[in-house]
1. Of the conditions (1) in contact with a Lys or Arg (Cβ under 9 Å, 6 or more places away or on another chain); (2) within 22 Å of V261 (Cα to Cα); (3) of a type in the set (D, E, K, R), E125 fails just one. Which one is it?
2. Can you tell which of I56, I7, I24, I97 is assigned by TED's automatic domain parsing to the domain that holds Y221, part of a helix (DSSP H, G or I) and in contact (Cβ under 8 Å) with a residue 12 or more places away in the chain?
3. For the condition part of a helix (DSSP H, G or I), of a type in the set (S, T, N, Q), touching a residue at least 40 places away in the same chain (Cβ under 8 Å) and in the same structural domain as K189 (by TED's automatic domain parsing), what is the one hit in T152, T124?
4. Just checking, how many residues over the stretch 309-322 are modelled with pLDDT of 95 or more and either assigned to a loop (DSSP other than H, G, I, E, B) or farther than 18 Å from R15 by Cα (or both)?
5. Can you pull out the residues in the stretch 82-108 that are touching a Ser or Thr at 6+ places or on another chain (Cβ under 7 Å), closer than 21 Å to E267 by Cα and surrounded by 20 or more Cβ atoms within 10 Å (Cβ to Cβ)?
6. Please state which one of K189, K136, K158 is crowded, with 17+ Cβ neighbours inside 10 Å and either over 19 Å from Y221 (Cβ atoms) or among the basic types (K, R) (or both).
7. Identify, from the list A340, A349, the residue that is small (G, A, S), surrounded by 14 or more Cβ atoms within 10 Å (Cβ to Cβ) and over 26 Å from G280 (Cβ atoms).
8. Output yes when any residue across the stretch 246-253 is more than 22 Å from G11 (Cα to Cα), part of a loop (DSSP other than H, G, I, E, B) and modelled with pLDDT of 95 or more, and no when none is.
Amino acid sequence: MERYGIIMAGGGGTRFWPLSRREIPKQLLNLTGKDTMVNETIDRIAKSVPDENIYIVTNKMQADLMKKVTKGKLQSEHILSEPAARNTAACIGYAAIEIRKKYGDGIMCVLASDHYIKDNTAYTEVMNFAMDLAEKEDRLVTIGIKPTSPATGYGYIKYNKKIKEVGHTIGRESGKRITAYPVADFVEKPSLSTAKSYVEQGCYLWNSGMFVWKTSVILKYFEELLPDVYECLLEIEKVIGTDKEKEVIDRVYPTIPKISVDYGIMERADNVIVLEGDFGWSDVGSWDALDTLYDVDGNNNVIYGEQIHIGSKNCIAYGKNRLIATIGLDNIIIVETDDAVLVCDKNKAQDVKKIVEILEEQGKNQYL
């Protein structure tokens, strides 16, 4: 069965403001110093999926730039443009009907465009095992990450340790054991005390937002659990490849109910299994996660750009053009760009998106 990589790249990366903007969001930034995050995602999945089977779903504002950034890595016609943001269920459903209409059934590997993976070998082994399982069994497969801390910025997946494991394999190159378990529950972002209890119990994984399944299986769940979404998808599927395609997508897509695939399907399905991924994952969701990309100095500071720090510790300082100098700071984030400067407590990094919301309310689009 053919395998397809589906990369979701429509997000705004608001928690990475002021570096991430509407037209150049996080997935189009080069944060690692190697390549843009979306290109690194393409390169990773290309080890498991043929180049010609990789798709990107993005929004219309980013589509042209996405084509330029990814030129030579995938076919430009495989960049699907959403005329409106309708959350992940619509995004994934759009890709699924595209594959069904053009190729029939297949294995879909659904990924975010802006995650960081440290161990690409172990990652490839996990994804290959996930695709093997999805092909053998009509089940929804997701990837969970073993918590390294009681993080409150992630959702959690509870797996059933009492039920015999679904299956396991040993990575040929990494030597790491990969185990699949039945999913017992999906949990939203918890409080700190709850997150601590999850880590202590040892049967919870971070929800990475990576999914693997047959196109036929996920569309069956759309039909059963999200019939309103599925009806819209069917209307679009009928015109894919015709001269009416753009007109119908522009008309129908904005009417698709706005819901996440986690809430709409994964939390309600009874046939989900989770693989524990041990490959150095981070969603690099906010500035406080930058220490996963860069080494820290002797005072546990992450430094990018020209800097002088006297007695400052546990800080993240990202500079583009100007010198950043600090004295005696602790646990502070500083980000300098051409037109804005962000200074915030490291513990409040998740709240950076609130600045974007205020800028939108004030109509200050030049900073968005």
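1. (2) is the only condition that E125 fails.
2. Within the list I56, I7, I24, I97, the selection yields I97.
3. Unique residue meeting the criteria: T124.
4. Summing the residues that are modelled with pLDDT of 95 or more and either assigned to a loop (DSSP other than H, G, I, E, B) or farther than 18 Å from R15 by Cα (or both) in the stretch 309-322 gives 7.
5. Scanning the stretch 82-108 gives T88, A89, A96, M108.
6. K158
7. The match here is A340.
8. Within the stretch 246-253 (the criterion being more than 22 Å from G11 (Cα to Cα), part of a loop (DSSP other than H, G, I, E, B) and modelled with pLDDT of 95 or more), the answer is no, since none of the residues qualifies.
The values are calculated or read from the model by the stated rules, or taken from the named source; none is laboratory data. Note that the structure is a prediction, hence the values are computed from the model and not measured. Reconstructed Cβ throughout: ideal geometry from the backbone, glycine too, with neighbour counts over all protein chains shown.
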